[in-house]
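Any read-out appearing in this document is the output of simple, stated calculations on the displayed coordinates, not a laboratory observation. Computed from a prediction, not measured in an experiment: that's the story for all the values here. Because the Cβ atoms are built from the backbone with ideal geometry, glycine has one as well, and the counts that use them run over all protein chains shown.
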Amino acid sequence: MICLPKFRKKPVVIEAFRIGIDPRPDWFQDKVTSNEIVTYTAVANPENLRSGIRDQEGVWCDIQTLEGVMRGNHGDYIIQGVNGEVYPCKLGIFEKTYEEVAE
């Protein structure tokens, strides 16, 4: 059996917000302005609600990254990394990986 080494994330500080929930920071809006991020907003159609059809509702975004386009869905964290890179992170993963720091 091969024993692989284990790794721990270095304690780096990042900035993050929840899309569709928190106010957008300037660094996010700058990427929207430069078309590196495209944002979308949808409101449920009342006719569909009466028919039992669920529309996608809320705010989400597509982020151009080195790995390709990544989608941040309503409520996901959008992170600005240590090199200014921006990427989405699901709520559960974020809560297991990060903790708030006092400034």
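Okay, here's what the table says:
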{"item": "Computed [θ] at 222 nm, helices only, for the chain once each DSSP H run of length n ≥ 4 contributes -39500 (n - 2.57)", "result": "-5000 deg cm²/dmol"}
{"item": "Dipole of the chain [Lys/Arg +1, Asp/Glu -1 at C-beta], most positive-end residue of 3, 37, 21", "result": "3"}
{"item": "Cβ-Cβ FRET estimate between residue 64 and residue 10, R0 fixed at 25 Å, reported to 0.05", "result": "0.45"}
{"item": "Pairwise Cα inverse-distance average, inverted: Kirkwood Rh of the chain (Å)", "result": "15.7 Å"}
